[in-house]
Amino acid sequence: MKDDKKFELSDYDPLCLVKYVLRHFWMVIIFALTCIMAVYLVQTLVNKPVFTSSVTFAVTSRSSASTAVVNIAATDTVAGQFGGLLESELVRNAAARSMGLSHFPAVVQINVPENTNILIMQITAASPELAYKSALAIIDCHTEYSTTVFDTAVIDSINGPTIPVQPSNLASRNTAMKLAAPAGAAAMIALLLFLAIRTDTVQTVSGAKHQVDGKLLATIYHEASRLSWRERMKRVKKSILISDFTCSFYYTETIHQVRVQLERAHEARQQKVFLVASCSENEGKSTVAANLALSLAQKHRRVLLLDADTRKPAQHLIFEQKVERGKDFGSILTGNYSEREILDAISFNESTRLHTLYTTTVRRKQAEAISKDTLLPIIRILREHFDYIIIDTPPIGFFADAEVLADTADASVLVIRQDMAPSMIINDAIDSLSDTNSEFLGFIFNNVRSFKAFSFRTGGYEYGYGYGYGYGYGKNSGKQAATDRSQRSGKEGRKHG
């Protein structure tokens, strides 16, 4: 197992990171709303509302002989000086006395637009009434000082004081609240991206090659189910089988690529029992096992697909077959079946040339009956009648069945779905398979989606099933189902040839 994990940019696919953020987007929304509430509370509790009354003064020269340009230049200077007078402590104290207060209850701010004879005074206080009265007090008190200081200028209020109707700091609070939402959302998205990287799942082919301690047998890209509009409206889920003419060439050839490697193992080391496992549910293990068996059956006469997943069997759902109680793998495990009875429980499909031994949902006693002692006699019988046996198992991370089954198999293959299980768990599963009596051949990188993949192919690999839950298959996904059942009724005596 690889312990020295190094950050490699090629290990992470942008599409997987985006999907991780979208899966947890509710956290982004909640955190954005939380930031808005926090800013609102801070603004309400800490920043008290204030109100501003505005007064506009005009400064004109008393001299009628001056030109307009000189008047503007002179009055501009006087306006600046007058602003300093209004802000002075002398005027503010006088205004406070006129209001009957010990100190002036407002803040005075002066704005003198450049090259104008206009002066704008803003009085900010804790209430609209106090701001308005403070402005009136300044207007009443400044005259006795300004007339003696500015004897060559006339200073008149031409607008105001205004009566404020809403807090003057309301705009800044609204701006802060508007910025809080995107800032909080951006912070949470950054955190989610960090967590997506920390999960250390296998996201790219390059990452699979150095994150996983095993040989990469094949990469299966996302294959979309070809559904009609009616099936889409009814949310029908269909299996992806290479026996279906709608299955893409790229997907079919990838399955054949894995089949070739199983054939090489068979020819080189006489291996015929191959176990297909996964770390967790919904990784596409059952679909890969079914398609590998179909691919082998296209070239070889005696191929068996054994559904040994007694916890949540899937193969009879993938092929849309009804399993008779007593003629399934779970019953064979717990009963003292003879060789003929075991062979009679196996079904044969004339169109696909595939033999199958299904399992239905079994009782706990049957699920716990899997042991090396009960499996070896059954596998020994099956070895004598079949050239290739593909075993579909429960996930390694949930049950010990896969390891027990691996002891009876010749070789094992692990199916890894993109961005599903952390590499540490995958490598632990590989270690478990490697410790059994079977040879670990390698892993299949399954259901791979990426922006790069979309650039050279438009097909997809969509799962409507997997290990565990949500099985639902369309009535037309196995077009030969009704024909096969009628054919089998007349062929039971010779189905094993």
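The values are calculated or read from the model by the stated rules, or taken from the named source; none is laboratory data. Please read all numbers here as calculations on a predicted model, not as lab measurements. Backbone-built Cβ (ideal geometry, glycine too); neighbour counts: all protein chains shown.
Looking only at segment 312-327, residues that are without any contact (Cβ under 8 Å) to a residue 40 or more places away in the chain and within 24 Å of Gly284 (Cβ to Cβ) come to 2 in all. When restricted to residues that are among the β-branched types (Val, Ile, Thr) and in a helix (DSSP H, G or I), segment 409-442 contains 3. Of the residues making up segment 112-132, those that are at pLDDT 85 or above and within 23 Å of Thr147 (Cα to Cα) are Ile120, Met121, Gln122, Ile123. Out of Asp435, Asp410, Asp387, one residue alone is surrounded by fewer than 21 Cβ atoms within 10 Å (Cβ to Cβ), over 21 Å from His316 (Cβ atoms) and in contact with a His (Cβ under 9 Å, 6 or more places away or on another chain). It is Asp387.
Taking helices (runs of 4 or more DSSP H) that do not extend beyond segment 298-408, which have at least 2 residues that are touching an Asp or Glu at 6+ places or on another chain (Cβ under 9 Å)?
Numbers: elements: 315-318, 329-334, 339-344, 364-367, 372-385, 401-408.
Output list reads 315-318, 329-334, 339-344, 372-385, 401-408.
When Ile158 is tested against the conditions (1) in contact with a Ser or Thr (Cβ under 7 Å, 6 or more places away or on another chain); (2) buried (at least 17 other Cβ atoms within 10 Å of the Cβ); (3) modelled with pLDDT under 90, the lone failure is (2).
At least 3 residues that are at positive phi and in contact with a Phe, Trp or Tyr (Cβ under 8 Å, 6 or more places away or on another chain) in each: list the helices (runs of 4 or more DSSP H) lying fully within segment 183-297 that qualify.
none
The residues on offer are Arg353, Arg417, Arg380, and the sole one that is in the same structural domain as Val303 (by TED's automatic domain parsing) and on the phi > 0 side of the Ramachandran plot is Arg353.
Conditions tested, residue by residue: (1) crowded, with 16+ Cβ neighbours inside 10 Å; (2) part of a helix (DSSP H, G or I); (3) touching a helix residue (DSSP H, G or I) at 6+ places or on another chain (Cβ under 6 Å); (4) among the small types (Gly, Ala, Ser).
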{"site": "Leu15", "(1), (2), (3), (4)": "yes, yes, yes, no"}
{"site": "Leu22", "(1), (2), (3), (4)": "no, yes, no, no"}
{"site": "Ile29", "(1), (2), (3), (4)": "no, yes, no, no"}
{"site": "Ala32", "(1), (2), (3), (4)": "yes, yes, yes, yes"}
{"site": "Cys35", "(1), (2), (3), (4)": "yes, yes, yes, no"}
{"site": "Leu41", "(1), (2), (3), (4)": "no, yes, no, no"}
{"site": "Asn47", "(1), (2), (3), (4)": "no, no, no, no"}
{"site": "Ser54", "(1), (2), (3), (4)": "yes, no, no, yes"}
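Annotation note: of Leu241, Leu294, Leu333, Leu275, the sole residue that is hydrophobic (A, V, I, L, M, F, W, C), modelled with pLDDT of 95 or more and touching a helix residue (DSSP H, G or I) at 6+ places or on another chain (Cβ under 7 Å) is Leu275. With the structure loaded, tell me whether Ile138 is buried (at least 19 other Cβ atoms within 10 Å of the Cβ) and either among the aromatic types (Phe, Trp, Tyr) or assigned to a helix (DSSP H, G or I) (or both) or whether it fails that test. So Ile138 passes the test. Looking at Phe399, is it surrounded by fewer than 22 Cβ atoms within 10 Å (Cβ to Cβ) and modelled with pLDDT under 85? Considered against the rule, which asks whether it is surrounded by fewer than 22 Cβ atoms within 10 Å (Cβ to Cβ) and modelled with pLDDT under 85, Phe399 comes out as yes.
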